[in-house]
1. Within the group SER95, SER119, SER107, which residue is surrounded by fewer than 16 Cβ atoms within 10 Å (Cβ to Cβ), modelled with pLDDT of 95 or more and out of contact with any Pro (no Cβ under 9 Å at 6 or more places or on another chain)?
2. Being among the small types (Gly, Ala, Ser), in contact (Cβ under 8 Å) with a residue 40 or more places away in the chain, surrounded by 13 or more Cβ atoms within 10 Å (Cβ to Cβ) and out of contact with any helix residue (DSSP H, G or I) (no Cβ under 8 Å at 6 or more places or on another chain) narrows it down to one of ALA70, ALA78, ALA88, so name that one.
3. I'd like the residue in segment 20-48 that is of a type outside the set (A, V, I, L, M, F, W, C) and in contact (Cβ under 8 Å) with a residue 24 or more places away in the chain and, out of all such residues, is nearest to SER119 (Cα to Cα).
4. Only residues that are more than 20 Å from GLY2 (Cα to Cα) and assigned to a strand (DSSP E or B): list them for segment 82-116, please.
Amino acid sequence: MGLNQAVFSHLSGYAGLTSLVQSRIYPERMKQGCDKPFVIYQRVGLDLTETYDPEPTGNVQDSDLIQFDAYGRTSDEAFAVGAQILLALRAMNGSGVNRAFITHRSSSVESDTGLFRVSIDAEIWNSLSRT
């Protein structure tokens, strides 16, 4: 399982988040015309751990920067979904994922759709990036 699938499985299994968005959790882009609220996440950076050993043994940990965007019709709706993403990330570990560290959170209004967005950047230490 790669990191993208591990993130999707974790978010989809987090009851507090799915109570708000049901199955509307999308990697990279939403489905056209989907209901609100919803979540989009994407990898925006990767720091690879390098070693002198050409074939390292053991658990090599990489650090992926993942951006999570919570969209809602109102700011309250977007902030509620964003709060559940934060809680889900703080509980994320196991299955190749060591830990998620929240690095940034911001909010905005999309000028073209009028949707409210809460963006969360998280650094996820893992051994799955190379798969």
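The values are calculated or read from the model by the stated rules, or taken from the named source; none is laboratory data. This is a predicted model, so every value here is computed, not measured. We place every Cβ from the backbone using ideal geometry, glycine too, and count neighbours over all the protein chains shown.
1. SER107
2. Working: ALA70 fails: out of contact with any helix residue (DSSP H, G or I) (no Cβ under 8 Å at 6 or more places or on another chain); ALA88 fails: out of contact with any helix residue (DSSP H, G or I) (no Cβ under 8 Å at 6 or more places or on another chain).
One residue alone meets the criteria, ALA78.
3. The initial filter retains those residues of segment 20-48 that are of a type outside the set (A, V, I, L, M, F, W, C), namely 22-24, 26-29, 31-33, 35-37, 41-43, 45, 47.
Checking which are in contact (Cβ under 8 Å) with a residue 24 or more places away in the chain leaves us with 36-37, 41-43.
Numbers: LYS36: 16, PRO37: 14, TYR41: 9, GLN42: 11, ARG43: 13 Å.
Checking each candidate, the answer is TYR41.
4. Of all residues in segment 82-116, those more than 20 Å from GLY2 (Cα to Cα) come to 82-84, 86-87, 102-116.
Matches in segment 82-116: ILE102, THR103, HIS104, ARG105, SER106, SER107, SER108, VAL109, PHE116.
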